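We did not get these values from a lab; they are worked out from the coordinates using the rules stated. Just so it is clear, the structure is predicted and the values come from calculations on it, not from any experiment. So basically every Cβ, Gly included, is an ideal-geometry build from the backbone, and we count neighbours across all protein chains shown.
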Amino acid sequence: MKILTTLSRLCAILAGLLLTGITLMTCYSLIGRNTIGSTITGDFELTGVATGAAIALFMPLCQLKRGNIIVDFFTAKASDATNAQLDRLGALMMAATFALLSWRTGLGGLSAYETQSGTMMLGFPEWIVYAAMIPPFILTALIALTQAVMGETSDEEVNA
């Protein structure tokens, strides 16, 4: 689990750097537009593709910390053992979902590569965004599968 924790933190750091870059670019573009009438061409396209990649990069840490929304309305009065089993089942379903997302994102990336699909203004290759999303999706699936098999992850293990 230590390797998965390190990789998920690395993904989150990369996502933070990506979002910081987007923020700086947007500020530069807005200041330029409102002061000297010059802007960065395609800034909204770059924001869109970078945000998509950043969201994917945050998913492993979210799963590791069990940060997804849990609706416990029906299980609030269930025993701890029942809730633990349901959490493991939920983690298994999350692993299957992210494995499916990884596969379909890979197919989408291959399709975008084969058709040389790009953004409207800049022609930025869309397959690059797909390729950036696949590793964090696979990592999220592995983390969820580990949680399903091993059960509850201790806070010390995640925070170490």
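If you go through segment 85-101 and pick out every residue that is surrounded by 13 or more Cβ atoms within 10 Å (Cβ to Cβ) and more than 15 Å from the chain's Cα centre (by Cα), you end up with 8. Checking each residue in segment 41-71 for being buried (at least 16 other Cβ atoms within 10 Å of the Cβ) and over 23 Å from Leu4 (Cα atoms) picks out Gly42, Asp43, Glu45, Leu46, Thr47, Val49, Ala50. Annotation for segment 102-124: at least one member residue is surrounded by 18 or more Cβ atoms within 10 Å (Cβ to Cβ), among the hydrophobic types (A, V, I, L, M, F, W, C) and part of a helix (DSSP H, G or I).
Close contacts from segment 103-125, counting a first residue that is within 23 Å of Gly42 (Cα to Cα) and a second that is polar (S, T, N, Q) and exposed (fewer than 14 other Cβ atoms within 10 Å of the Cβ), with Cβ to Cβ under 8 Å and a gap of 6+ residues or different chains, come to Ser117/Ser111; Met121/Thr41; Leu122/Thr41; Pro125/Gln116.
Hey, can you tell me all the residues within segment 1-32 that are in contact (Cβ under 8 Å) with a residue 40 or more places away in the chain and either more than 16 Å from the chain's Cα centre (by Cα) or not in a helix (DSSP H, G or I) (or both)? Those that are in contact (Cβ under 8 Å) with a residue 40 or more places away in the chain and either more than 16 Å from the chain's Cα centre (by Cα) or not in a helix (DSSP H, G or I) (or both): Met1, Lys2.
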